[in-house]
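The values are calculated or read from the model by the stated rules, or taken from the named source; none is laboratory data. Since we're looking at a predicted model, the values are computed, not measured. Glycine gets a Cβ as well: all are built from the backbone with ideal geometry, and neighbour counts include every protein chain shown. Keep in mind that these areas ignore ligands, DNA and RNA; they rest on the heavy atoms of the full protein, side chains included. Shrake-Rupley method; radii C 1.70, N 1.55, O 1.52, S 1.80 Å.
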Amino acid sequence: MFHRSRQASDEPWILPHLGQRIVKTTVAVFVCLMFYYLRGYRGQGMPTEAAITAIICMQPYVRDTGKYAVDRFIGTLIGVFWGLLLLLLLNDFPLLGKNMLVLYLMMAVGVLLSLYSAVLLRKPDASGLASIVFLCIVIAFPDIDSPIIQAGHRIIDVFVGTSVATVVNILRLPRRPGRKDLLFFLHTRDLVPDRFSHMSPAAAFQLNALYKDGAKICLMSEHAPAFFSLQSGEIGFTTPLIVMDGAAIYDANENRYLQAETIAPADSTPVCDRLAALGVSFFIYTIHNDKTCIFHHGEIRDEERLVYDRMRRSPYRSYLEGEIYEPGEIVYVKVIAHGARLGEIEHALHSVLPKGRLRRVIRPQQGGEDLWALYIYAHTATMEQAQKRLLEMLRAADGALTGVPLTLRTPYRSERDALHLLHRVGNLYEPPLLFPAPGP
């Protein structure tokens with residue numbers, strides 16, 4: 001009923017930026033080919049296994065290249081083992097190689113053994129590589145002088161390819177000076193799977209490295225600042241955060257709110273009165289003395305209990321009962337209920353919500369099936385407005401500052417998505433020197 005999904009981007013297609021991975025892969029292939037050229041190989045005699053290995057092992061991040069290199073080498077050893085075993089068997093029993101049907105059946109069985117061996121060793125990523133190496137060794141039979149020399153050549157080829165790919169990926173291409181005039185806006189939902197999850201160590205390392213290099217990155221979240229302490233750990237923020245769905249701007253270093261869009265008392269009072277008259281329990285989020293204070297009204301229902309108990313343990317927010325707050329400090333009102341019930345509540349509130357002055361957001365909640373939350377903000381409390389307000393604040397020191405919102409093209413699926421997004425930030429902040437700088 002309350003399904004919300006991201007809309008596909010309607011931006012016009014532009015020519016993709018020539019990334020470092022493409023350039024480094026090209027360099028690695030060239031180095032591999034030159035290695036064999038200097039050894040006297042030419043034309044059809046030029047080994048290609050090293051270049052193929054370099055292409056497979058080259059990954060966006062060095063740690064991934066190392067993993068693929070290890071998997072490639074393990075797969076090579078598996079393929080070499082079964083390939084050498086088959087060649088020795090064919091040498092000792094030449095009649096097996098006379099019948100092509102029998103020969104190809106043995107090759108197919110060798111592929112099966114190579115695949116299964118990799119899985120047996122708990123290296124499923126190496127299974128395809130093992131079967132490819134196996135075929136590279138045996139496919140030339142009977143035009144093979146020495147099985148041991150053939151297997152040795154394959155090991156050398158793979159070692160050359162993995163070594164070149166790893167070394168080239170470690171090297172950093174010359175880059176332009178960092179773009180101090182850009183302020184990147186990233187949403188936390190593109191860096192972590194949900195609000196209760198930690199940012200992966202690799203993503204945190206990459207984000208910290210960008211901050212230390214001087215990149216201006218503003219993280220945005222629909223949640224209160226307390227979730228940043230849970231998600232980001234030891235991140236050295238150098239730029240204020242946008243929190244509460246754009247309702248507030250928060251300085252994590254000084255632990256204070258720089259600005260907040262609150263609901264006018266004339267608008268919040270009818271909403272709260274209407275919820276109380278309906279017998280609905282709800283939360284009022286306020287900012288008082290740079291602290292997030294949450295006041296709960298009504299009895300805690302079962303569907304609220306899990307969320308309530310989990311969040312009230314945080315030292316960065318205070319849960320209180322009653323109405324001991326200033327009406328002008330209300331940032332938003334929140335109601336948690338199952339889908340059908342929340343629909344009834346939203347319909348009942350429709351008559352008291354002032355048109356054009358309040359904004360409603362509905363999101364699914366963790367902790368129960370078909371559990372949703374209704375958020376009521378001031379109409380000015382949006383991410384877009386918060387970005388403009390933060391830019392105005394920071395332009396006092398740097399008038400040329402330009403905002404660059406970046407987001408994933410698809411919803412977050414794994415750590416790779418977060419790393420890819422941060423990699424895009426790095427390419428925009430410090431473009432490679434040898435290629436045109438991508439536009440913000």
Being among the small types (Gly, Ala, Ser) and farther than 24 Å from Gln387 by Cβ narrows Ala165, Ala247, Ala204 down to just Ala165
Test: residue in the range 171-188 that is surrounded by fewer than 18 Cβ atoms within 10 Å (Cβ to Cβ), in contact with a Ser or Thr (Cβ under 8 Å, 6 or more places away or on another chain) and more than 25 Å from Ala397 (Cβ to Cβ)
no
Test: residue in the range 133-143 that is open to solvent by 30 Å² or more (accessible area, probe 1.4 Å) and of a type in the set (D, E, K, R):
yes
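Inside the range 1-48, can you point out the residues that are among the polar types (S, T, N, Q), open to solvent by 100 Å² or more (accessible area, probe 1.4 Å) and either more than 16 Å from Asp157 (Cβ to Cβ) or modelled with pLDDT of 75 or more (or both)?
Residue satisfying the conditions is Gln7 alone.
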Can you tell me which residues in the range 380-430 are of a type in the set (Phe, Trp, Tyr) and in contact with a strand residue (DSSP E or B) (Cβ under 8 Å, 6 or more places away or on another chain)?
Tyr429
Filter the range 193-222 down to residues that are of a type in the set (S, T, N, Q) and open to solvent by 20 Å² or more (accessible area, probe 1.4 Å) and give me whichever is farthest from Leu406 (Cα to Cα).
Ser197
Restricting attention to the range 242-265, report how many residues are surrounded by 20 or more Cβ atoms within 10 Å (Cβ to Cβ) and either among the β-branched types (Val, Ile, Thr) or at positive phi (or both).
8
